[in-house]
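All of the numbers you see were taken from the coordinates with simple rules; none came from a lab. All of these numbers come straight from a predicted model, not from anything done at the bench. Here the Cβ is made from the backbone with ideal geometry for all residues, glycine too, and neighbour counts use every protein chain on show.
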Amino acid sequence: MSEAQDCRFTRRRKPLKALLWMLGIAAGLAIAVDVVFQVSPWPAALLIRWALDEGGVNASQALEKHLPAGVSERLNEHYDSADDDAYLDVFYPSEIENSERALLTVVWVHGGAWIAGSKNQIANYARILAGKGYTVVAVDYSLAPGKSYPTPVRQVNTALGYLAQNAQRLHVDPARFVLAGDSAGAHIAAQLANAISVPSYAQTMGITPSIARSQLAGVVLFCGIYDFGRVDHDGSFQNFRNTMILRSYSGTKYFLNDAHFATASVANYVTPAFPPMFISAGNTDPLAPQSYAFARTVAALGVPVDTLFFPDNYTPALHHEYQFDLDTEAGRLALDSSTTFLSAR
């Protein structure tokens, strides 16, 4: 090989070596990222939190055009002075501001897969509901992985006690509470409702209910999860998502076989003492089968159950958290149906 040919060969070899070096670096980084994601739930949880919070903020902003006039609010009530995450907002019709009137009180627990969301993201929906003639409370709670199960259930229980103690100031009727929630918040609300209703369940969870069963008038549940044994873990993305979310919330990578986390499957612990229930989910929501099954389980116990479900071929397709879209007929129907349930309480 001549000197000129050797130079040309060397020049061709340099880009190839550089490409192989870059591919090796990329492969190493991919392996490192995978290891980090497997060792700790935090990276995945933060990514999912970012995506869910963006969706929650957008949904809240879309409700601004539906806000009613004449709704007063008390923001950032610190319901547990020892807990930096324990804040709630209260909304009620302005016409009762200077009176001692107390209204049926809906305590709404926000969704967000236990790792995202906030009371601020459901504030506009709470204002709209308050405009229908109720006192509505939006509750914040600690998010996973920072805090794990059953911290949020205990926190919302504390919030109920705070509301009962401050009922007159906040226009809360302590004899008529309704626990409500969406997605993960529906799960928390259902668990707390059952803890208030079933002493053995409360004891198993280590919770002392802050209100009596007679003070709980009902539950309103949208798009929730109630039995983790029914969760579909098939498929690579589905498995990754569920594993990281449930690992974050349960506090263990072995959540499927964890005796402590088994109590989170509230559907396995309900009794005829469970309060009257309104439950709904969209027809294409991956969690819809959870709502269908929970409705059947509770109704079979003789508990009054109002449902709002849609045919499989309903169009437009109703996705997870469909109820917050009041620009759709289904969203408006969900609001009307849930307020009809509340009026009966």
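Structure notes:
- Cut-off of 10 Å, at most 12 other beta carbons, DSSP loop: longest stretch of the chain lacking such GluC sites (Glu not before Pro): 101-345
- Eigen-decomposition of the gyration tensor built on the alpha-carbon atoms of the stretch 68-158 gives equivalent ellipsoid semi-axes of 26, 13, 10 angstrom, largest listed first.
- Beta-bridge orientation, the chain: approximately 30 percent antiparallel, per DSSP, counting only bridges with both partners inside.
- Relative contact order %, the stretch 179-299, counting alpha carbon pairs below 8 Å whose residues are six or more apart: 33
- Taking N as the residue count of the stretch 42-343, its C-alpha radius of gyration divided by 2.2 N^0.38 Å amounts to 0.93.
- CD proxy at 222 nm, helix term only [per DSSP H run n ≥ 4: -39500 (n - 2.57); per residue of the chain; nearest 500]: -14500 deg cm²/dmol
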